[in-house]
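Take a look at the structure set out below.
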Ligand code: SER
């Protein structure tokens with residue numbers, strides 16, 4: 001049985017992953033670690049223990065690990081790519097300083113650690129189509145610099161100290177639950193909100209901007225499955241490419257229009273996000289994850305779109321125009 005601490009448990013991934021982990025391992029065995037400006041509410045607060053854990057405070061991480069006899073840490077604290085460009089020092093303090101604190105506690109107290117990396121760990125010199133697992137990274141953003149550093153630091157702790165570090169490179173994540181904030185892939189979430197609210201979507205990226213994306217249920221499953229995987233099969237640890245779909249704004253717009261025919265989109269480019277997106281891969285090759293721990297996505301663009309529209313309509317109490325399967 002695992003005793004888990006989720007750091008950053010109220011964020012885009014954490015709010016859903018904490019609930020999934022509680023379903024699997026039991027509510028009282030999964031601690032929701034949060035910062036006071038993002039306190040848990042509702043189900044997240046009521047379904048298990050919650051503790052203030054600022055990842056920049058190593059002493060506090062150690063205290064919570066001791067109190068709850070933690071053996072596994074999910075480290076989800078991060079600033080997303082666009083907001084990190086506005087606050088590079090804070091992005092480093094959380095992404096690298098925070099990870100270092102977490103790894104040190106894990107080394108001393110024998111915890112396994114999951115820390116997501118990202119498509120943002122790649123850069124302009126990376127082969128952009130079917131990006132291989134092992135290739136040039138050299139990201140151009142501070143977000144990417146923290147992610148590559150995190151991958152290397154996590155591998156170092158595994159090699160040097162035997163800390164059980166594992167991770168995946170997440171694509172842009174799409175969900176109807178907690179919205180992302182300040183990412184480059186956020187448009188692919190926002191577009192669904194506009195579609196169900198009957199608003200014209202202002203797309204910040206130009207047509208032809210391909211990026212890898214994934215529906216949140218697949219991403220959550222990956223985070224659980226990699227930590228449950230048999231490590232004797234691992235050739236890699238930090239971090240595995242995982243993939244399920246790649247599209248540009250035109251493709252997702254036209255997919256949504258299959259179910260919302262009068263949906264409108266216009267382009268209002270955001271130069272910062274465009275520059276970041278242009279430096280990231282168009283699509284990832286996830287063969288190593290498939291071979292080393294049997295990774296397999298379940299959702300494609302069509303099944304994700306149907307599920308997003310149904311659930312967002314429920315969320316906003318909109319009953320008309322239920323999307324029909326073709
Ligand atoms: N979704 C992240 C971002 O856009 C990338 O991992 O910043």
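The values are calculated or read from the model by the stated rules, or taken from the named source; none is laboratory data. Just so you know, these numbers come straight off a predicted model, no measurement behind them. Note that each Cβ is placed from the backbone with ideal geometry, even for glycine, and that neighbours are counted across all protein chains shown.
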**Message:** Just to check your reading of the model, which residue among 262, 300 is out of contact with any helix residue (DSSP H, G or I) (no Cβ under 9 Å at 6 or more places or on another chain), more than 27 Å from residue 168 (Cβ to Cβ) and surrounded by fewer than 20 Cβ atoms within 10 Å (Cβ to Cβ)?
**Reply:** 262
**Asked** In segment 179-218, what count of residues is obtained for those that are closer than 19 Å to residue 316 by Cβ, in a loop (DSSP other than H, G, I, E, B) and more than 11 Å from the ligand (Cβ to nearest atom)?
**Response** 4
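Condition test on residue 135, is it within 16 Å of the ligand (Cβ to nearest atom), assigned to a loop (DSSP other than H, G, I, E, B), more than 20 Å from the chain's Cα centre (by Cα) and closer than 20 Å to residue 152 by Cβ?
Values: within 16 Å of the ligand (Cβ to nearest atom): no; assigned to a loop (DSSP other than H, G, I, E, B): yes; more than 20 Å from the chain's Cα centre (by Cα): yes; closer than 20 Å to residue 152 by Cβ: yes.
For residue 135, the condition - within 16 Å of the ligand (Cβ to nearest atom), assigned to a loop (DSSP other than H, G, I, E, B), more than 20 Å from the chain's Cα centre (by Cα) and closer than 20 Å to residue 152 by Cβ - is not met.
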**Which numbered condition residue 12 fails, given (1) farther than 25 Å from residue 140 by Cβ; (2) modelled with pLDDT under 95; (3) buried (at least 21 other Cβ atoms within 10 Å of the Cβ)** = (1)
**Asked** Of the conditions (1) touching a residue at least 24 places away in the same chain (Cβ under 8 Å); (2) within 30 Å of residue 111 (Cα to Cα), residue 200 fails just one. Which one is it?
**Response** (2)
**Prompt:** Residues in segment 49-59: is at least one in contact with a helix residue (DSSP H, G or I) (Cβ under 8 Å, 6 or more places away or on another chain), assigned to a helix (DSSP H, G or I) and surrounded by 21 or more Cβ atoms within 10 Å (Cβ to Cβ)?
**Reply:** no
**Asked** For residue 203, all conditions in the list (1) in contact with a helix residue (DSSP H, G or I) (Cβ under 8 Å, 6 or more places away or on another chain); (2) more than 21 Å from residue 265 (Cα to Cα) hold save one; what is the number of the exception?
**Response** (2)
**Request:** Looking only at segment 77-131, count how many residues are assigned to a helix (DSSP H, G or I), buried (at least 20 other Cβ atoms within 10 Å of the Cβ) and more than 14 Å from the ligand (Cβ to nearest atom).
**Result:** 7
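Determine whether residue 70 is more than 16 Å from the ligand (Cβ to nearest atom), closer than 25 Å to residue 185 by Cα and either in contact (Cβ under 8 Å) with a residue 24 or more places away in the chain or surrounded by 22 or more Cβ atoms within 10 Å (Cβ to Cβ) (or both).
No: the conditions fail for residue 70.
Just the residues that are in a loop (DSSP other than H, G, I, E, B), touching a strand residue (DSSP E or B) at 6+ places or on another chain (Cβ under 9 Å) and surrounded by 14 or more Cβ atoms within 10 Å (Cβ to Cβ), please, taken from segment 265-297.
If we filter segment 265-297 for residues that are in a loop (DSSP other than H, G, I, E, B), which is where we start, we get 268-270, 280-283, 285-286, 294-297.
If we keep only those that are touching a strand residue (DSSP E or B) at 6+ places or on another chain (Cβ under 9 Å) too, we end up with 268-269, 280-283, 285-286, 295, 297.
Answer for segment 265-297, where residues must be in a loop (DSSP other than H, G, I, E, B), touching a strand residue (DSSP E or B) at 6+ places or on another chain (Cβ under 9 Å) and surrounded by 14 or more Cβ atoms within 10 Å (Cβ to Cβ): 280, 281, 282, 283, 285, 286, 295, 297.
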**Fill in**
Filter segment 164-178 for residues that are away from the ligand (no atom under 12 Å from the Cβ) and assigned to a loop (DSSP other than H, G, I, E, B); the one that is farthest from the chain's Cα centre (by Cα) is 164
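Could you run through segment 1-28 and say how many residues are assigned to a helix (DSSP H, G or I), closer than 21 Å to residue 39 by Cβ and either without any contact (Cβ under 8 Å) to a residue 60 or more places away in the chain or out of contact with any strand residue (DSSP E or B) (no Cβ under 8 Å at 6 or more places or on another chain) (or both)? Spell out the reasoning first.
Restricting attention to segment 1-28, the residues satisfying the condition of being assigned to a helix (DSSP H, G or I) are 14-25, 27-28.
With closer than 21 Å to residue 39 by Cβ added as a condition, the list becomes 14-22, 27-28.
Restricting the remaining residues to those that are either without any contact (Cβ under 8 Å) to a residue 60 or more places away in the chain or out of contact with any strand residue (DSSP E or B) (no Cβ under 8 Å at 6 or more places or on another chain) (or both) gives 15-16, 18-20, 22, 27-28.
Adding up the residues that qualify gives 8.
What residue, of 4, 70, is touching a helix residue (DSSP H, G or I) at 6+ places or on another chain (Cβ under 6 Å) and modelled with pLDDT of 95 or more? Quick ask: steps written out before the conclusion?
Details: 70 fails: touching a helix residue (DSSP H, G or I) at 6+ places or on another chain (Cβ under 6 Å).
Sole residue among the options that is touching a helix residue (DSSP H, G or I) at 6+ places or on another chain (Cβ under 6 Å) and modelled with pLDDT of 95 or more: 4.
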**Asked** Across segment 135-146, which residue is surrounded by the most Cβ atoms within 10 Å (Cβ to Cβ) among those that are touching a residue at least 60 places away in the same chain (Cβ under 8 Å) and closer than 15 Å to residue 239 by Cβ?
**Response** 146
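Sort out which residues of segment 150-163 are touching a residue at least 12 places away in the same chain (Cβ under 8 Å) and either part of a loop (DSSP other than H, G, I, E, B) or away from the ligand (no atom under 15 Å from the Cβ) (or both), and write them in order of number. Even if it seems obvious, please write down each step before you answer.
Here is the first cut: in segment 150-163, the ones touching a residue at least 12 places away in the same chain (Cβ under 8 Å) are 150-155, 157-158, 161, 163.
Scanning segment 150-163 gives 152, 153, 154, 155, 157, 158, 161, 163.
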